[in-house]
Amino acid sequence: MSRESNSLTALALQKFKRNFWGVFSFLFIILIGLISVFAYVIAPDNSVSANQMHLSIHSKNPGFKVDMLTVPSIVSTNQNAFDKWFFGVKNLDEEIPISYHNIQNDTLFYKEYVSGGLEAEEKHIVFSDFETKPYVTQKHFVFGTDKYGRDMLSRILVGARISFFIGFVAVFISLVVGILLGSLAGYYGGKVDAVIMWLINVTWSIPTLLLVIAITLALGKGFWQVFIAVGLTMWVEVARVVRGQVMSAKNMQYITAAKALGYKDFRIIFKHILPNIMAPVIVISAANFAAAILIESGLSFLGIGAQPPMASWGAMIKDHYNYIILGKPYLALIPGLCIMSLVMAFMLIGNALRDALEVKT
Amino acid sequence: MTLNPILSLENVSISFTSQKQENEVIHGISYQLFSNEILGIVGESGSGKSISSLAIMGLLPKRVSKITNGRITFLDKELIGLSDKALQHIRGHDIAMIFQEPMSSLNPTMTCGKQVEEILLQHTNLTQQEAKEETLSLFSKVKLPKPNRVYTAYPHEISGGQKQRVMIAMAIACKPKILIADEPTTALDVTVQKDIIQLLKSLQEDTKMSVIFISHDLSLVSEIADRVLVMYKGNIVEQGDKTSIFKSPKHKYTKALIASKPSLRVRFKRLPTIKDVLNNTVNKAIISKEEREKKQASLYSKQPLLEVFNLEKTYFSKSGWFSKKEGFKAVNNVSFKVYEGETLGLVGESGCGKSTLSNAILLLDKATSGSITYNGQDITNLTPKEERKLRKDIQIIFQDPFASLNPRIPVGKAIMEPMEVHNIGTSYKDRKQRVIELLDRVGLTKSDFNKYPHEFSGGQRQRVGIARTIALQPKLIICDESVSALDISVQAQVLNLLNELKENYNFTYIFISHDLSVVKYMSNQLLVMNQGKIEDIGDADAIYNSPKTDYTKKLIDAIPKGL
């Protein structure tokens, strides 16, 4: 019905649409989201974690081109297409960067690529036993290669996944825990509030890093642990905001009206209070999304986040930060810029939402 | 009265811009203010009475509003287009203003004395010591008890009426030529209102300043003003001296405004609304004394529906870890009976415990001691399940219709929800049909079903609130200041609706208000409360005609009677 368009949510949406940076950031985030979902489809190097190493061409400049000889593996893997699309190809083929090649009958003569003006000795392979197409292709490394000779662009694309997912998982965990505890504390007050506030204060006083280390010790190293740890520290902020909002909302007359009409507490909290306090929660979630990405990159930088060979922007900076003074700053700068632009987009979206929903923070 | 006006507005138009659309709210008004007179401006909310006075002070919100046309001259000086600095000099010094809310117009972190002193130091050349003496003399001029105590008191330490006096002291500190009083007594109790009005009047006589008195209450304005100006939708519909306006109003709107206020002398069957007056269909039927007596007798022959016995509600404030808890009895030993089909009026000033009492009856805030019997059953110690069942029978209509509706739920759904909870109606379709009937019943249409609360006007929202309340088919309805937030003309419509519904559905009302004239019009039985206790109880007309206690007398005297 046309009347529906007058709800407060619809009005806020109209306002949001008029904010250029908000819409721009939203589209940007959607783009990054699509990239992270289809990372392996887009990435030039679609091996698992974009982990195809070529040590001889490590840390090359962006735009580096080289001929690549692919030697297919004899072992065949039975991966289905879906698995390949979403989790990368379990590639066992060998890739050798070459500077020269020549085919005579069923033998391929080639020289391995060596940087620094040196020349490698000629090698040859007999290829009669594998039915393959062209073995030699020219490879183009748009963002250059990292210190293991992996394709930077592919690593960045695949790395977007971690940043994105940590944001989602952390925000999801923080919302579930935070809204539940916050609304209970705010609505019932008294002893319930005292206990939950105590829990909030204790959790808040534990440094995120320490909590992650503790959780890592308990559950083992890995990025799932980081997800949980970040989510478990972040619910505190959500809970505090929700608690404050519920406390002021429960004094609104429409809540008194709801009580007088004989509604149950559950119904009042979930149907009448929560929809009215979602605005600040949405705004804080956008900020939390950004914070989660930053925390994850920080943790990866310290080596307690995603473990190699998994690609993560923070870990990429960690791998290459000492190249900054060695004349190859882009190795650390590119993932750095990626983190910055994604966090920035979330911040801008948060601002736009705040204006649209008229939250005063 | 001299012929030279001290302030004159010529053809002033003011527009507000929202979303790049210009919206004219004041359409070319002109009036003059002469020295040594009190000009009353009357109008309902949205009539532009406050905006036009803010324009004089140059206090209109900068970016969204502008004066599109006209001239405002103050002592031959054009005020429109004056620099901020020049305006600042005029503000406070030549033209001063008192606002509606004394609670929020005083800075809570400064003592009252300091706030008045600040103005004196800003606009005059007095020394600190002289300013203090001047402040104290101003405080005694506005008849504040113990000026020395008020001087060092913070705003939260003095009462609302005293705060308004401090505000007046601030306003007259620099001996302004014009004082603009924008609804200065609306937030105050009637008895305090009377004192403030008298104070303003005597101050005006002493200082010979000109006063613009803005109010929505025509009879109040008639008590203070020399000349009256009636505004309606951004136009001045009528102006003239007060006797001519009251005795022989020319414009229909003025006539309607005078007629819609419940009269204290006669009891109309239906209050005339603006529409009635405009269409000349005023129903002049009066409930005669005999009719009323007969009705009363039949009402009180039945068993009481609700019986309140020795009810007490005590609030405790914790003052420290070791000191004893201090109790404050908001409701103290209150007993009364409500009979089926009657309207029990409950009047009292703010803080007298009338809302606490209604919350106790609704079981929203349980009483400390005493009993409440509904249909012979004590309802003070019910299990949550029984309590929810009872909610269906005892309902409330709130004061602020906007605040009592959830802004994110369309009104149709909001009315339907209590039916779902209490299993009224069999299916969604059935309930929707019932909701549409209810909407129709309270004077709204089917197309309002999917509208949100913010799309309605104040009076319509109150109708939605009423529809939601009667959706449960309750027996007893508590109207907690249900018409206080509404304009007089809308108030008349809502009161008529309440009376109609009562006849059709046989509701019993407990009608709470601070406005004695409304309560008297509505009620069979009247209950006057003061400081948690019942001052007076009995037949509404009897109490009004021969009040037993001093407090009731004072309350009745304080009602602005008009001319």
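Mind counting the residues in segment A:251-266 that are part of a helix (DSSP H, G or I) and either touching a Gly at 6+ places or on another chain (Cβ under 6 Å) or more than 7 Å from chain B (Cβ to nearest Cβ) (or both)? Outline the logic, then answer.
Applying the first criterion (part of a helix (DSSP H, G or I)) to segment A:251-266 yields A:253-260, A:265-266.
Next, from what is left, pick out any that are either touching a Gly at 6+ places or on another chain (Cβ under 6 Å) or more than 7 Å from chain B (Cβ to nearest Cβ) (or both): A:255, A:258, A:265-266.
Qualifying residue count, segment A:251-266: 4.
Among the numbered criteria (1) exposed (fewer than 14 other Cβ atoms within 10 Å of the Cβ); (2) farther than 30 Å from residue A:316 by Cα; (3) in the same structural domain as residue A:306 (by TED's automatic domain parsing), which single criterion is violated by residue A:75?
Result: residue A:75 fails condition (3) only.
Testing residue B:560 on (1) part of a helix (DSSP H, G or I); (2) of a type outside the set (Phe, Trp, Tyr); (3) buried (at least 16 other Cβ atoms within 10 Å of the Cβ), one condition comes back false. Which one is that?
The failed condition is (1).
Within the group B:467, B:485, which residue is modelled with pLDDT under 85 and either within 14 Å of chain A (Cβ to nearest Cβ) or crowded, with 19+ Cβ neighbours inside 10 Å (or both)?
Answer to the check: B:485.
Consider residue B:183 against the criteria (1) more than 21 Å from residue B:349 (Cβ to Cβ); (2) touching a Ser or Thr at 6+ places or on another chain (Cβ under 6 Å): it satisfies all of them except one. Which criterion is unmet?
(1)
Filter segment B:389-415 down to the residues that are basic (Lys, Arg) and out of contact with any helix residue (DSSP H, G or I) (no Cβ under 8 Å at 6 or more places or on another chain) and list them by number.
Across segment B:389-415, the qualifying residues are B:389, B:392, B:413.
Looking at segment B:276-307, which of the residues that are surrounded by 12 or more Cβ atoms within 10 Å (Cβ to Cβ) and among the basic types (Lys, Arg) is farthest from residue B:540 (Cα to Cα)?
Of everything passing the filter in segment B:276-307, B:295 is farthest from residue B:540 (Cα to Cα).
Report whether or not residue A:236 is in contact with a Phe, Trp or Tyr (Cβ under 6 Å, 6 or more places away or on another chain) and more than 14 Å from every other protein chain (Cβ to nearest Cβ).
Judged against the criteria, residue A:236 is a match.
Would you mind telling me which numbered condition in (1) in contact with an Asp or Glu (Cβ under 6 Å, 6 or more places away or on another chain); (2) within 14 Å of chain B (Cβ to nearest Cβ) residue A:185 fails?
(2)
Which of the following residues is in contact with a strand residue (DSSP E or B) (Cβ under 7 Å, 6 or more places away or on another chain) and either more than 14 Å from every other protein chain (Cβ to nearest Cβ) or closer than 30 Å to residue B:409 by Cβ (or both): A:66, A:41, A:37?
A:66
Looking at residue A:289, is it assigned to a helix (DSSP H, G or I) and either buried (at least 22 other Cβ atoms within 10 Å of the Cβ) or at positive phi (or both)?
Spelling it out, residue A:289 is indeed assigned to a helix (DSSP H, G or I) and either buried (at least 22 other Cβ atoms within 10 Å of the Cβ) or at positive phi (or both).
Determine if segment B:321-336 includes at least one residue that is surrounded by fewer than 16 Cβ atoms within 10 Å (Cβ to Cβ) and within 14 Å of chain A (Cβ to nearest Cβ).
No, segment B:321-336 contains no residue that is surrounded by fewer than 16 Cβ atoms within 10 Å (Cβ to Cβ) and within 14 Å of chain A (Cβ to nearest Cβ).
For residues that are small (Gly, Ala, Ser) and assigned to a helix (DSSP H, G or I), scanning just segment B:446-464, find the one that is nearest to the other protein chains (Cβ to nearest Cβ).
Only one residue tops the list, namely B:447.
In the list A:269, A:255, A:196, A:179, which residue meets the criterion of being modelled with pLDDT under 90 and in contact with a helix residue (DSSP H, G or I) (Cβ under 9 Å, 6 or more places away or on another chain)?
After ruling out the rest, the residue left standing is A:255.
Working only within segment B:351-364, note down all residues that are surrounded by 17 or more Cβ atoms within 10 Å (Cβ to Cβ), outside any helix (DSSP H, G or I) and within 13 Å of chain A (Cβ to nearest Cβ).
Those that are surrounded by 17 or more Cβ atoms within 10 Å (Cβ to Cβ), outside any helix (DSSP H, G or I) and within 13 Å of chain A (Cβ to nearest Cβ): B:362, B:363.
Which residue out of A:229, A:214 is exposed (fewer than 15 other Cβ atoms within 10 Å of the Cβ), modelled with pLDDT under 90 and on the phi < 0 side of the Ramachandran plot? Spell out the reasoning first.
Details: A:229 fails: exposed (fewer than 15 other Cβ atoms within 10 Å of the Cβ).
Result of the check over A:229, A:214: A:214.
Would it be correct to say that residue B:443 is surrounded by fewer than 21 Cβ atoms within 10 Å (Cβ to Cβ), more than 8 Å from chain A (Cβ to nearest Cβ) and under 24 Å from the mean Cα position of the chain (by Cα)?
When the stated conditions are applied, residue B:443 passes them.
Condition first: farther than 21 Å from residue B:224 by Cβ and in contact (Cβ under 8 Å) with a residue 24 or more places away in the chain. Now tell me which residues in segment B:236-252 satisfy that.
As a first pass, look at segment B:236-252 and keep what is farther than 21 Å from residue B:224 by Cβ: B:250-252.
Result: B:252, single match.
Please verify whether residue B:385 is surrounded by fewer than 20 Cβ atoms within 10 Å (Cβ to Cβ), within 11 Å of another protein chain (Cβ to nearest Cβ) and either in contact (Cβ under 8 Å) with a residue 24 or more places away in the chain or more than 15 Å from residue B:509 (Cα to Cα) (or both), treating the condition exactly as stated.
Values: surrounded by fewer than 20 Cβ atoms within 10 Å (Cβ to Cβ): yes; within 11 Å of another protein chain (Cβ to nearest Cβ): yes; either in contact (Cβ under 8 Å) with a residue 24 or more places away in the chain or more than 15 Å from residue B:509 (Cα to Cα) (or both): yes.
The answer is yes for residue B:385.
Going through segment B:393-430 one residue at a time, which ones are closer than 11 Å to residue B:469 by Cα, more than 8 Å from chain A (Cβ to nearest Cβ) and in a loop (DSSP other than H, G, I, E, B)?
B:393
Farther than 28 Å from residue B:340 by Cα and either β-branched (Val, Ile, Thr) or modelled with pLDDT of 90 or more (or both): is that true of residue B:426 in this structure? Walk me through it before giving the result.
On the way: farther than 28 Å from residue B:340 by Cα: yes; either β-branched (Val, Ile, Thr) or modelled with pLDDT of 90 or more (or both): yes.
The answer is yes for residue B:426.
Pick from A:254, A:323, A:330: which is touching a residue at least 12 places away in the same chain (Cβ under 8 Å), among the aromatic types (Phe, Trp, Tyr) and crowded, with 24+ Cβ neighbours inside 10 Å? Explain how you work it out, then say what you get.
On the way: A:323 fails: crowded, with 24+ Cβ neighbours inside 10 Å; A:330 fails: crowded, with 24+ Cβ neighbours inside 10 Å.
Unique residue meeting the criteria: A:254.
Regarding segment A:221-241, can at least one residue be identified that is under 25 Å from residue A:166 (Cα atoms), out of contact with any helix residue (DSSP H, G or I) (no Cβ under 7 Å at 6 or more places or on another chain) and not in a helix (DSSP H, G or I)?
yes
Quick check, is residue B:371 away from chain A (no Cβ under 14 Å), under 30 Å from residue B:514 (Cβ atoms) and not in a loop (DSSP other than H, G, I, E, B)?
yes
Report those strands (runs of 3 or more DSSP E) wholly inside segment B:222-317 carrying at least 3 residues which are over 30 Å from residue B:365 (Cβ atoms), modelled with pLDDT of 85 or more and in contact with a helix residue (DSSP H, G or I) (Cβ under 7 Å, 6 or more places away or on another chain).
So the answer is B:227-232.
Name the single residue, out of those in segment B:109-124 being in a loop (DSSP other than H, G, I, E, B) and either of a type in the set (Phe, Trp, Tyr) or modelled with pLDDT of 85 or more (or both), that is surrounded by the fewest Cβ atoms within 10 Å (Cβ to Cβ).
Ranking the qualifying residues of segment B:109-124, first place goes to B:109.
Does residue B:166 fit the bill of being in a strand (DSSP E or B) and surrounded by 18 or more Cβ atoms within 10 Å (Cβ to Cβ)? Break it down into steps so the answer makes sense when it comes.
Working: in a strand (DSSP E or B): no; surrounded by 18 or more Cβ atoms within 10 Å (Cβ to Cβ): yes.
Judged against the criteria, residue B:166 is not a match.
Applying the selection to segment B:490-529, what residues are more than 17 Å from residue B:477 (Cα to Cα) and basic (Lys, Arg)?
B:520 - this is the single residue of segment B:490-529 that is more than 17 Å from residue B:477 (Cα to Cα) and basic (Lys, Arg).
If you go through segment A:85-106 one residue at a time, do you hit one that is among the polar types (S, T, N, Q), exposed (fewer than 11 other Cβ atoms within 10 Å of the Cβ), at pLDDT below 75 and assigned to a loop (DSSP other than H, G, I, E, B)?
Let us first name the residues in segment A:85-106 that are among the polar types (S, T, N, Q), namely A:91, A:99, A:102, A:104-105.
Filter once more, so that each one left must be exposed (fewer than 11 other Cβ atoms within 10 Å of the Cβ): A:104-105.
Adding the requirement that they be at pLDDT below 75 leaves A:105.
Next cut, assigned to a loop (DSSP other than H, G, I, E, B) only: A:105.
Yes, segment A:85-106 contains a residue that is among the polar types (S, T, N, Q), exposed (fewer than 11 other Cβ atoms within 10 Å of the Cβ), at pLDDT below 75 and assigned to a loop (DSSP other than H, G, I, E, B).
The values are calculated or read from the model by the stated rules, or taken from the named source; none is laboratory data. Computed from a predicted structure; not experimentally measured. With ideal geometry, Cβ positions are generated from the backbone for all residues, glycine too; neighbour counts draw on all protein chains shown.
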